[in-house]
Amino acid sequence: MPTESLIGYGAPSASTPVLIKTDVFIRFYLLQCLLIVQMHSCFPTLYSQLSPSLSGLSLQSQTPEALRVVNLLQERNLLPPGPVTPPTPCLPQDLQKINCHPEVFRSTLTSIPQTQSLLNKAKLPLGLLLHPFKDLSQLPVVTSSTIVRCRSCRTYINPFVTFLDQRRWKCNLCYRVNDVPEEFMYNPVSRSYGEPHKRPEVQNATLEFIAPSEYMLRPPQPAVYLIVLDVSHNAVETGYLDIVCQSLLENINALPGDSRTKIGFITFDSTIHFYNLQEGLSQPQMLIVSDIEDIFLPTPDSLLVNLNECKELVQDLLKSLPQMFGKTMETQCALGPALQAAFKLLSATGGRVSVFQTQLPSLGVGALKSREDPNQRASAKDIQHLSPATDFYKKLALDCSGQQVAVDLFLLSSQYCDLASLGCISRYSAGSVYYYPSYHQQHNPAGVECFQKDLKRYLTRKIGFEAVMRIRCSKGLSIHTFHGNFFVRSTDLLSLPNVNPDAGFAVQMSIEENLVDMQSVSFQAALLYTSSKGERRIRVHTMCLPVVNSLSDIFAGADVQAITCLLASMAVDRSVTASLSDAREAMTNASIDSLTSFRTSVLTIQQPGLLAPACLRLFPLYILALLKQKAFRMGTSTRLDDRVFAMCQLKYQPLVYVMLMIHPALYRVDDLTDEGALNISERTIPQPRVQQLSVEKLSRDGAFLMDAGSVIYLWIGRNCNPNFLTQVLGLPNYAANMLPELDTAESQRTRAFVGWLREQRPFFPILHVIRDESPLKASFLQNMIEDRTESALSYYEFLLHVQQQISK
């Protein structure tokens, strides 16, 4: 609650004689008590500063739960029974109710320090995490010829502006006073006039505008899809071509778009193959360009065709493609020239390029040589080759971005492909990277199922074209680093040729000017894009947070998961620009420094042990989890592409999915009950308690489910309850990677729970059944964060190390 609100309710001074009726006084007294409790739980320091003026009505001093001191060396059971919930910013109730949802927009600190020096003292990072194009069940859409914005800083009007009267409003970012336009006086929802503060723009922190013509540099582009396929011997042998063509045939009518939607195809091996799909042809016509040093388009007007008008030819091509290359012996792969061809084909319109690649590019521009030495994986003191071997892919991506073309990369390979180099084509063009190691239609059925499910989601999910996103913040704050897949066009403008609902972004911030006179600050993300139906739209998210002037208030508002995810993105950058060991050291220091600051500057009574506020009790555990994560771990035999892909995901995935990658959730599932279950669409979803990630928690007579984000493990104890084996798996020695549909209560509960976990993310996690002899047992055990490994400390040893550093 802002200071002015609290001070406004101060008790009458002793020098002023006041007569108050008894019942009025009691009500006034209760209101005072309520305010003191709320203020005390939000801002303990502010409360202590104001308490003298409220001394006549003071309550017993209580520490807010967020600042309850936890001795990490003694309290081992720190995990909550369910998901970790983000802290709620301490704002007046009316503002809090309409604040932006934390799944869309959240800050590492929900109480913003008044000064940079105060932030530096807290040793906590300040930044924002965004999921701007997230699929939302409810999204207010406003159609208006006038979009009201601040005349000075161009902020969109939002719930946190101040109306000085019916005709004037004050911007919450730059504080300029603006006139209310005449059209804004009418409320289209209530159909009333004269209440601008009740308009949907001022009642919703997330909403979407249908933009008028001034928001268009050119007529909105159509949805344009170009499929680029590796058809070398290696590619055909994996069997992926059948899956892609079949999936496109099944989903061709569900591709987002309208009557203008265009589609085209390019295949490549040592040469580039185009396909003439012009209306009037009896069958698709293949055109081969063998001069890969000087790529040209053989028939520019007939390679990208209207999907509705040429659908039969497109379907014919998809049915025949797998057979056309079934007997190929061509082993070379000219990916670079194929991408150049794709860029030439799409540069006039913009659109999406979907590239399917199965090996290291070996011919033409962008050809790469293997940089991985498997013998040095475990022994090397530091990890080499995390940065690209060539700037070809980055330069081409920037060219693509300039022409509103995004490139999505599907890497299906059992060999090293140099993802550190290839990934640049997607990173800088705002595309996505999908990676399927050891992909093979016969030998890896689980991988095939995952690819099929991902591909269906990819082809049918919502898409935005020719997008830009700008993040604005209150005067005094500044943004200095972005994380995600994009090109930074100016200091606060991201170029996003495509935007998809599964992409996350993060930004780091600093405090450039003291925020001394402010009770709150605001942040606004505005995403301008063209929908697949050709509408220009603007999605706006606004978040408001209180400003505080003490370290204890900063710590009380710390969001441990947001801090962890921002540090993970920062550590990826550090690994590439400096070294992996530098990044690891910086993450460890982050936990040491913040707990040192808490101990020395917030705690009034010094106690023995490793002390943390309750809100940061999981911080050392999450840092240890990051150190053991595929992206950052040392000493174990981690393939270079696996490591680089993990780094890509940490930078690009929204927070909720990143956290499962960092710290998987472990549940015991052989004793599921309906107690505390959720009821969703007439389904009962059991809610087992989250367990600590330690082998100690596994029992041989049980079954445990581990949700690690992109993969789910079902671990079956050696002496597992025979009832579970027969009622849920059907067979005592069941080893398939999917749960059988059995007509038993136990089977229904287990499948309902696994299905519910899967529904909460856009990608499809594979299920692996793990037994003592399973080859994947090592992967499962590697996620036991709290246990010691050959090259990494146990959680307890890590805590001792942190304590030792703090005590120095």
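At-a-glance table
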| item | result |
| --- | --- |
| Segment 664-782: relative contact order in percent, alpha carbon pairs under 8 Å with at least 6 residues between | 26 percent |
| Magnitude of the charge dipole, the chain, Cβ model with Lys/Arg +1 and Asp/Glu -1, debye to 20 | 1600 debye |
| Filtered chymotrypsin sites (Phe, Trp or Tyr not before Pro), segment 161-206: DSSP coil and at most 16 other beta carbons within 10 Å | 175 |
| Helix 795-807 vs. the chain, principal-axis angle (Cα, 0 to 90°, nearest 10) | 50 degrees |
| Positive-end residue, the chain charge dipole about Cα centroid, Cβ charges, pick of 712, 614, 650 | 614 |
| Residue-span extension gain [residue 600 to residue 348] - 0.36 nm each, minus C-alpha spacing | 84.7 nm |
| Distance between modelled label sites at residue 242 and residue 190, nm, 7 Å Cα→Cβ extension | 6.3 nm |
| Nearby aspartates and glutamates by direct alpha-carbon distance to residue 628 (threshold 17 angstrom, same-chain neighbours under 8 apart not counted) | 382, 582, 585, 641, 642, 707, 786, 787, 790, 797 |
| Residue-span extension gain [residue 679 to residue 255] - 0.36 nm each, minus C-alpha spacing | 149.4 nm |
| Rounded Å value of the spacing that divides the Cα centres of segment 513-532 and segment 298-321 | 45 Å |
| For the chain: Kirkwood Rh in Å [reciprocal of mean 1/r, alpha carbons] | 29.0 Å |
| Local net charge near residue 295, Cβ-Cβ under 14 Å (Lys/Arg +1, Asp/Glu -1) | -3 |
| Integer Hz, Karplus 6.51/-1.76/1.60 couplings in order for segment 588-593, x for Gly and Pro | 4, 5, 4, 6, 4, 5 |
| Among beta bridges that DSSP assigns inside the chain, antiparallel share in %, nearest 5 | 70 percent |
| Assigned charges on the beta-carbon of Lys, Arg, Asp, Glu; segment 664-782 dipole about Cα centre (debye) | 340 debye |
| Zone residues, segment 698-714, relative to residue 737, backbone N less than 18 Å from point 7 Å out along Cα-to-Cβ | 705-714 |
| Loop-resident sites, segment 692-784, for GluC sites (Glu not before Pro), counting at most 12 other Cβ within 10 Å (DSSP) | 741, 773 |
| Rg [Å, one decimal], Dmax [Å, integer] - segment 694-808, C-alpha atoms | 17.1, 61 |
| Computed label-point distance, nm, for sites residue 773 and residue 759 using a 7 Å Cα→Cβ extension | 3.7 nm |
| Nearest-0.05 FRET efficiency for residue 449 and residue 414, computed from C-beta distance (R0 22 Å) | 0.80 |
| J(HN,Hα) series, segment 316-322, from Karplus relation 6.51 cos²θ - 1.76 cosθ + 1.60, nearest Hz, glycine and proline x | 4, 4, 5, 6, 9, 3, x |
| Theoretical gain in end-to-end length, residue 145 to residue 578 [0.36 nm per residue, Cα-Cα removed] | 150.8 nm |
| Relative contact order of segment 220-308, pairs being alpha-carbon contacts under 8 Å that are 6 or more residues apart, as % | 32 percent |
| Paramagnetic label zone (point 7 Å from Cα along Cα-to-C-beta, residue 198; backbone N under 19 Å) in segment 165-185 | 165-169, 180-185 |
| Of the trypsin sites (Lys or Arg not before Pro) in segment 485-590, those whose Cβ has at most 16 other Cβ within 10 Å and which sit in DSSP loop | 533 |
| Separation of the residue 607 and residue 808 label points, Cα + 7 Å toward Cβ, nm | 2.6 nm |
| Distribution of pairwise C-alpha distances over segment 162-320, 5 Å bins, in % | 1, 7, 12, 13, 12, 9, 6, 5, 6, 6, 8, 8, 5, 1, 0 |
| Positive dipole terminus of segment 664-782, leading residue within 776, 673, 732 (C-beta point charges) | 776 |
| Selection from 156, 389, 335, by position along the positive dipole direction of the chain (Cβ) | 156 |
| Rounded to 10°, Cα long-axis angle of helix 392-402 versus longest principal axis of the chain | 70 degrees |
| In degrees, nearest ten, helix 22-42 long axis to first principal axis of the chain (Cα) | 40 degrees |
| Computed helical MRE - 222 nm, the chain, DSSP H runs ≥ 4 contributing -39500 (n - 2.57), nearest 500 | -8500 deg cm²/dmol |
| In order through segment 616-626: 3J(HN,Hα) via Karplus (6.51 cos²θ - 1.76 cosθ + 1.60), integer Hz, x for Gly, Pro | 10, 5, 8, 4, x, 5, 5, 5, 4, 4, 5 |
| Beta bridges by DSSP in segment 664-782, antiparallel share as percent, to the nearest 5 | 75 percent |
| Surface accessible to a 1.4 Å probe, per residue, for the residues of the chain, Å² | 42 Å² |
| Cut-off 16 Å, label 7 Å out along Cα→Cβ of residue 297, residues of segment 312-329 by amide N | none |
| Average Cα contact separation per residue, segment 732-808, under 8 Å, 6 or more apart, as relative contact order % | 20 percent |
| Accessible carbon and sulfur surface of the chain relative to its total accessible area, %, 1.4 Å | 50 percent |
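The values are calculated or read from the model by the stated rules, or taken from the named source; none is laboratory data. What you see is a predicted model, and the numbers here were worked out from it, not measured in a lab. Cβ atoms come from the backbone with ideal geometry, glycine included; neighbour counts cover every protein chain shown. Ligands, DNA and RNA are stripped out before the accessible areas are found, and what is left, the full protein with its side chains, is counted by its heavy atoms. Shrake-Rupley method; radii C 1.70, N 1.55, O 1.52, S 1.80 Å.
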